[in-house]
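The values are calculated or read from the model by the stated rules, or taken from the named source; none is laboratory data. Worth saying up front: this structure is predicted, and the values here are computed from it rather than measured. A quick note on method: Cβ atoms are made from the backbone with ideal geometry, for glycine too, and the neighbour counts reach across all protein chains shown.
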Amino acid sequence: MTLFEPDPVLAAQPEFDAAGPLAARMRPRTLDEVVGQDHLLAPGSPLRRLVEGDAPMSLILFGPPGTGKTTLATIVSTATNRRFEQLSALNAGVKDVREVIARAKAELNRTGVQTVLFIDEIHRFSKTQQDSLLNAVEARHVTLVAATTENPFFSVVSPLLSRSLLLTLQPLDDAAIGKLIDRALTDERGLAGAVTLDDDAREHLLHMASGDARRALTALEAAAGTTIAEGRTALDLRTLELAVDRAALKYDRDGDQHYDVVSAFIKSIRGSDADAAVHYLARMLEAGEDPRFIARRLVVHASEDIGLADPTALLAATAAFDAVERIGLPECRINLTQATIHLALAPKSNAVIMAINAAQEDVRAGLAGNVPLPLRDAHYPGSAKLGAGKGYVYPHDLEDGVARQQYPPDELVGRDYYVPSTRGAERTIGERLTRLRQIIRGR
């Protein structure tokens, strides 16, 4: 197959390759067969209008692996009776893009048939390569359907993004994955009833899929092959484990184990036990926990239990979250591990959360007096007549950059919310805070 010949997996012809991978054989052929992306498939949605109404519209499909990006690209091309060309950003250059566009323009002029150009992993295209698409997309010489697992606002050039409709695909939930598994077990394109799936094996398959349909069907195919080769019809948990080399963990993402393991994860970090924290991280990842959930917990923990005792903790946690969004599994497990170890080894302080808790308690109790006149906005007409801004001391005018001045309402003068610990960087912060309060309050 040359670079520009349609991929047989993507051709979506009525006949399928019975020897092809199960995930390819079971690829949905119509929008009605697509599962798990209901927010994109509602009647009147842009995607449905594009497929059913033949509207010329370029798409950027953003989502994790195995959520249906290639499937939707295929459906767009076959449902609209357009030519289909595919490029992979891994091995295509500007010259390849221009050749596809030239053929598309020639075909459009000769027959009036438009070309759908599917570019997988467009985030791997350089800015120059992406720019080479702009004129053809704007002139509608091609309908671009591009897929990316990375945030397109970072990985796709703005002009191309503005000329395309961005559709965000969500990780498939267990119900969607389960529907695809059940379909593959019985459908003639799939296993055609050759095997059945034990309940515990099905549960393990759902967990290990982690929202990725391709991963689930690939594992199912491998385990089913072993089952059939051994002369059996019931696919059990042991066979599935051997086929995918992954032990079934006692972990229910919707039940007690979910909360117990994540609780132990956070408490291990809070207790500065990096080894235990990494163990619980591994358990969550192996059980198919959403890495974004783990990253969110790290971001919260960085401020709740570390705070300014290590000001870099929040930076490490948010960087890990960003890596999860941009890279995804399996690579982002390394970033999550680095952040976990960083937070576990950091000095601990809960002074930040205690400060906001105390302040909110006072506000709820009614301690929210008037803003002092010197601090009020003095930019609107008539503000001077009300005394707004009068007497304000601009700190930059002073040598030390700190002025003796009342900032809180009268009811809260002298109230301390932030009480730093003596651990880590907060020891120095506490000393500075004491000096600042003395100057500001005139003590």
The helices (runs of 4 or more DSSP H) lying wholly within segment 276-357 that contain at least 1 residues that are more than 20 Å from the chain's Cα centre (by Cα) and surrounded by fewer than 20 Cβ atoms within 10 Å (Cβ to Cβ) are 312-326, 332-345
Within segment 403-443, the count of residues that are touching a residue at least 40 places away in the same chain (Cβ under 8 Å) and part of a helix (DSSP H, G or I) comes to 5
Of the residues in segment 84-104 that are closer than 19 Å to residue 138 by Cβ and in contact with a Ser or Thr (Cβ under 9 Å, 6 or more places away or on another chain), the one that is modelled with the lowest pLDDT is 94
Considering segment 363-402, residues that are touching a residue at least 12 places away in the same chain (Cβ under 8 Å) and acidic (Asp, Glu), and then whichever is farthest from residue 442 (Cα to Cα), we arrive at 377
Scanning segment 70-110 residue by residue, those aliphatic (A, V, I, L, M), free of Cβ contacts under 8 Å to residues at least 40 places away in the same chain and closer than 24 Å to residue 49 by Cβ turn out to be 104, 108
For segment 178-226, the count of residues that are in contact (Cβ under 8 Å) with a residue 24 or more places away in the chain, more than 20 Å from residue 291 (Cα to Cα) and of a type in the set (Asp, Glu) equals 4
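Is it fair to say residue 311 is farther than 19 Å from residue 281 by Cβ and either at pLDDT 90 or above or in the same structural domain as residue 289 (by TED's automatic domain parsing) (or both)?
Considered against the rule, which asks whether it is farther than 19 Å from residue 281 by Cβ and either at pLDDT 90 or above or in the same structural domain as residue 289 (by TED's automatic domain parsing) (or both), residue 311 comes out as yes.
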